[in-house]
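Please read the structure below before turning to the comments.
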Amino acid sequence: MENFDPKKAKAISKYLSYILRHDPDDVGIILDKNGWTNTHTLIQQVKLRFPALDKTILEYIVATNNKQRFIFSDDKSLIRANQGHSIDVELNLLEQEPPTVLFHGTTIGNINSIMQEGLKKQSRHHVHLSENVTTALQVGSRHGRVSILKIHSGKMYADGYTFYISANHVWLTDHVPLAYIEDNF
Ligand code: HQG
């Protein structure tokens, strides 16, 4: 399995993110209200596009995914994405007190708008925040020249804002008002 082409694993993983977070119809699978889908059916359907996929390879992709984007149920009969959905699913996320500061990586082109209206969740369920600058840099650089914002999450929490942590350690909240965002730190 160590020999499985990492490029192919990445392509399958990207496609799994797409269907499990945004568009299950694309491959003819159905998610339940908590975002889970039947593992066997998923393999059968995704195989139509990626014939190499089987149970062993899916388990390898889930285990080695660099951000632990997917999780199996205990008996592995179901699978779902840990976070990042745009479709309506209830993940029963854990509410948790955040660290004093968190970070958000974005592109320079978004900064003016963010510094007027705060961070909004856009098409996803939550604003996504990172525990460290390195991760925020990776997130922000997906779309262009990156800019990092420092978020005073401890103050937000003290003021009554709710934070959640996903199973793969992404911090999530509904909205970050301008008062808690520090640019040029
Ligand atoms: C920006 C990836 C203008 C926001 C990552 C971001 C993450 C605003 C974009 C996860 C704004 C939304 C999520 C405002 C926010 N004005 N722009 N008021 N408020 N924005 O992709 O946080 O690899 O939905 O800065 O690692 O970039 O897919 O969110 O640039 O964890 O697992 O609007 O996706 O994870 O973009 O990324 P996104 P994100 P995966």
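The values are calculated or read from the model by the stated rules, or taken from the named source; none is laboratory data. Here the structure is a predicted model, which is why all the values come from computation and not from measurement. Virtual Cβ from ideal backbone geometry, glycine too; neighbours counted across all protein chains shown. The protein model used for the area step is the full one, side chains on, heavy atoms only, and it has no ligands, DNA or RNA in it. Shrake-Rupley method; radii C 1.70, N 1.55, O 1.52, S 1.80 Å.
Do we have any residue at all in the stretch 168-175 that's without any contact (Cβ under 8 Å) to a residue 24 or more places away in the chain and within 19 Å of the chain's Cα centre (by Cα)?
Taking every residue of the stretch 168-175 in turn, none turns out to be without any contact (Cβ under 8 Å) to a residue 24 or more places away in the chain and within 19 Å of the chain's Cα centre (by Cα).
Please go through the stretch 82-104 and pick out each residue that is more than 7 Å from the ligand (Cβ to nearest atom), more than 24 Å from ASP25 (Cβ to Cβ) and open to solvent by less than 60 Å² (accessible area, probe 1.4 Å).
LEU93, PRO98, PRO99, VAL101, LEU102, PHE103
Do we find that LYS76 is open to solvent by 70 Å² or more (accessible area, probe 1.4 Å), assigned to a loop (DSSP other than H, G, I, E, B) and either of a type outside the set (Phe, Trp, Tyr) or over 27 Å from ALA136 (Cβ atoms) (or both) in this structure?
Taking the combined requirement at face value, the residue satisfies it.
Which ones in the stretch 117-129 are within 7 Å of the ligand (Cβ to nearest atom) and either touching a helix residue (DSSP H, G or I) at 6+ places or on another chain (Cβ under 9 Å) or assigned to a strand (DSSP E or B) (or both)?
Answer for the stretch 117-129, where residues must be within 7 Å of the ligand (Cβ to nearest atom) and either touching a helix residue (DSSP H, G or I) at 6+ places or on another chain (Cβ under 9 Å) or assigned to a strand (DSSP E or B) (or both): GLU117, GLY118, LEU119, LYS120, ARG124, VAL127, HIS128.
Report yes if some residue within the stretch 139-153 is away from the ligand (no atom under 11 Å from the Cβ) and under 16 Å from the mean Cα position of the chain (by Cα); otherwise report no.
No, there is no match, as no residue in the stretch 139-153 is away from the ligand (no atom under 11 Å from the Cβ) and under 16 Å from the mean Cα position of the chain (by Cα).
Quick one: would you say THR162 is β-branched (Val, Ile, Thr), more than 8 Å from the ligand (Cβ to nearest atom) and open to solvent by 60 Å² or more (accessible area, probe 1.4 Å)?
No, not satisfied.
Of the residues that sit in the stretch 28-54 and are of a type outside the set (A, V, I, L, M) and over 29 Å from LEU94 (Cα atoms), which one is farthest from the chain's Cα centre (by Cα)?
PRO51
Could you please find all residues in the stretch 1-50 being small (Gly, Ala, Ser) and either in contact with a Gly (Cβ under 9 Å, 6 or more places away or on another chain) or open to solvent by 70 Å² or more (accessible area, probe 1.4 Å) (or both)?
SER17
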